Amino acid sequence: MAVRESEVRRAEIVRLAKTSGLASVDELSAQFGVTASTIRRDLSHLTTRGLLARTYGGAIALDPHPESSIRQRAVEGFDAKRAIAKWAAGEVQPGETVLLDAGTTVGAMGEFLRDRPRLTVITAGLTALESLADADDVRVECLGGTLRHLSQGFVGPLAEASLARVSYDRAFLGADAVTADRGICEAEIEQTRLKELMMDRAGSIYVLAHAAKLGRRPFHAWAPLPAGVTLVTDASATDADTAPFEDAGITVV
């Protein structure tokens with residue numbers, strides 16, 4: 001029985017490392033109700049088998065969660081993303097200047113903003129640009145920079161320099177994942193650095209993320225969330241999903 005329990009526990013450790021990005025000895029010990037030394041033996045066993053790589057205080061998966069392309073993301077949670085985008089667009093008032101991040105959920109807002117009078121949209125994403133390209137009544141300003149083909153968004157020094165020259169009433173940001181303690185999770189530091197600058201220049205900040213992205217840690221680049229952020233998710237989010245954000249003082253819609 002003990003052998004079976006260890007096999008089940010080790011399989012679950014590998015799964016957690018792949019989906020969360022990092023397996024901590026202390027966290028795993030508390031989660032499985034075993035001693036830290038037992039977890040260390042598990043990690044050593046899994047490392048020997050080539051399933052994990054040891055780090056200080058834990059382990060990471062050798063095949064970390066891959067970043068999805070924009071085409072893959074477009075069909076993931078389509079209805080939820082559209083509902084989130086529609087609600088977020090309803091926050092935008094005539095005559096405002098808003099920033100739209102790259103990504104499918106934020107990009108979907110463009111469809112609902114096309115007829116908003118006297119609107120200025122600043123964006124780093126090709127998805128939003130495509131939605132608003134022929135919306136003659138909307139002033140569109142592109143940040144420019146280096147195009148990340150996977151996310152179809154602009155990043156880098158040129159995009160950051162552009163942000164230094166503008167401000168806006170509202171910023172709508174996407175995320176590969178988001179947690180209450182660390183903030184927005186992305187695949188690369190360039191992305192999180194740009195998101196930090198975006199949040200710094202905004203009057204109001206909204207993070208748009210469907211329920212599957214809440215509480216996950218697939219990568220190791222982070223943008224901390226400042227006070228006053230609104231997290232917009234979908235109805236499939238459970239109380240357990242949203243409670244850490246509410247406890248941290250984040251408004252959850």
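The values are calculated or read from the model by the stated rules, or taken from the named source; none is laboratory data. Fair warning: this is a prediction, and the values are worked out from it, not measured in the lab. FYI the Cβ positions are ideal-geometry reconstructions off the backbone, even for glycines, and counts take in every protein chain you see. Heavy atoms of the whole protein, side chains included, go into the accessibility calculation; ligands, DNA and RNA do not. Shrake-Rupley method; radii C 1.70, N 1.55, O 1.52, S 1.80 Å.
What to note about this one:
- Index of the failed condition, residue 127 passing every other in (1) at pLDDT 95 or above; (2) over 15 Å from residue 206 (Cα atoms): (1)
- For the range 71-78, the count of residues that are open to solvent by 10 Å² or more (accessible area, probe 1.4 Å), within 23 Å of residue 214 (Cα to Cα), part of a loop (DSSP other than H, G, I, E, B) and aliphatic (A, V, I, L, M) is at least one.
- From the options 98, 92, residue that is touching a strand residue (DSSP E or B) at 6+ places or on another chain (Cβ under 6 Å), part of a loop (DSSP other than H, G, I, E, B) and modelled with pLDDT of 60 or more: 92
- The listed residue being at pLDDT below 95 and more than 14 Å from the chain's Cα centre (by Cα), out of 187, 164: 164
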